[in-house]
Amino acid sequence: MGIPAVFPRYSSRIIKAGALLTDSRAFLRAYDPKLSAEENLAQALRRNILGKASRSRLKDILPIFRQRFLAPPSLAEALHELAHTDVPPPILDRILYYQAAKVDGLLYQIVTDFVYKKREAGETVVSPEDAGRYVSSLARSAGLRWSAYTVGRVTRGLLATLRDFRVLEGAARKRIAPAYLPLEAFIYVVFALHLEGHSGERLMHHPDWRLFLVAPGEVEALFLEAHRLKWLDYQVAGRLVRVELHLETTEDLVRAIAYGSH
């Protein structure tokens with residue numbers, strides 16, 4: 001069906017697909033771990049599982065869902081299982097937000113750099129003008145020749161997406177929402193970063209934690225709580241950080257998130 005597997009680092013696709021929380025849950029519930037990514041996408045298109053009025057709208061969304069949810073297959077399976085559990089929506093939505101930000105360079109950058117630095121400086125308001133200038137500078141740095149109109153649409157899409165993901169709050173006047181990283185979403189991120197090959201200090205200080213606007217001390221507190229629950233082993237000796245994850249499989253991860261056990 002010609003669904004692209006790779007997008008450029010910075011793109012304007014946020015205009016077509018923002019948070020899409022309801023659609024994401026429906027897609028993940030319908031995902032079949034026994035089928036390949038291509039087969040799942042073809043089935044989603046054929047059955048119109050998202051109930052879209054037009055086939056073209058579905059074709060806009062599915063390539064983005066491929067990026068967000070279908071790689072690696074172990075995480076796709078975990079997300080499918082979690083979508084079928086009673087995990088509270090605020091927790092699952094944090095996970096869906098993480099997946100979305102990881103594959104959208106603009107979304108990732110505007111939170112981990114622009115919004116995070118504002119929060120560090122004690123600022124609470126994110127103005128469209130400041131955000132637009134930031135987006136424009138990123139586009140120029142990537143060699144993108146976006147018009148002021150395109151920059152404006154992309155910026156509005158980013159801010160609306162962050163509002164829907166509850167990183168920001170407010171309608172016209174956006175404010176930075178309180179930092180929120182529940183332990184269940186935290187252990188999902190640890191698992192995902194572990195799959196990427198991160199461990200020890202690199203895991204503890206990974207820039208992905210900035211997506212949740214949490215300070216390093218808050219991240220450490222989450223590691224300590226996960227250690228108490230025996231989801232991982234966390235040891236610090238001076239500057240040496242040792243993290244040993246005890247959740248080895250997708251089933252372990254789902255049980256920890258959904259039922260608090262492994």
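The values are calculated or read from the model by the stated rules, or taken from the named source; none is laboratory data. Given the structure is predicted, the values throughout are model-derived calculations rather than measurements. Heads up, the Cβs are rebuilt from the backbone with ideal geometry, glycines too, and the neighbour counts pull from every protein chain shown.
Could we say that LEU253 is surrounded by 14 or more Cβ atoms within 10 Å (Cβ to Cβ) and either within 21 Å of the chain's Cα centre (by Cα) or closer than 20 Å to ALA71 by Cα (or both) here?
Working: surrounded by 14 or more Cβ atoms within 10 Å (Cβ to Cβ): yes; either within 21 Å of the chain's Cα centre (by Cα) or closer than 20 Å to ALA71 by Cα (or both): yes.
Considered against the rule, which asks whether it is surrounded by 14 or more Cβ atoms within 10 Å (Cβ to Cβ) and either within 21 Å of the chain's Cα centre (by Cα) or closer than 20 Å to ALA71 by Cα (or both), LEU253 comes out as yes.
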If only one of VAL190, VAL151 is at pLDDT 95 or above, surrounded by 20 or more Cβ atoms within 10 Å (Cβ to Cβ), under 20 Å from the mean Cα position of the chain (by Cα) and part of a helix (DSSP H, G or I), which one is it?
VAL190
Run HIS198 past the list (1) without any contact (Cβ under 8 Å) to a residue 12 or more places away in the chain; (2) surrounded by 15 or more Cβ atoms within 10 Å (Cβ to Cβ); (3) within 23 Å of ILE14 (Cβ to Cβ) and report the number of the one that doesn't hold.
(3)
Note on region 86-130: residues of a type in the set (Gly, Ala, Ser), surrounded by fewer than 23 Cβ atoms within 10 Å (Cβ to Cβ) and either outside any helix (DSSP H, G or I) or in contact with a helix residue (DSSP H, G or I) (Cβ under 7 Å, 6 or more places away or on another chain) (or both) are ALA121, GLY122, SER127
Just to be sure I understand, how many residues within region 46-100 are of a type in the set (Asp, Glu) and either under 22 Å from LEU162 (Cβ atoms) or modelled with pLDDT under 90 (or both)?
2
Got a sec? Which of ALA131, ALA83, ALA100, ALA148 is among the hydrophobic types (A, V, I, L, M, F, W, C), touching a Ser or Thr at 6+ places or on another chain (Cβ under 9 Å) and in contact (Cβ under 8 Å) with a residue 60 or more places away in the chain?
ALA100
Of everything in region 86-97, what is without any contact (Cβ under 8 Å) to a residue 40 or more places away in the chain and among the hydrophobic types (A, V, I, L, M, F, W, C)? Give them in sequence order.
none
Looking only at residues that are of a type in the set (S, T, N, Q) and not in a loop (DSSP other than H, G, I, E, B) in region 34-85, which one is nearest to GLY260 (Cα to Cα)?
SER74
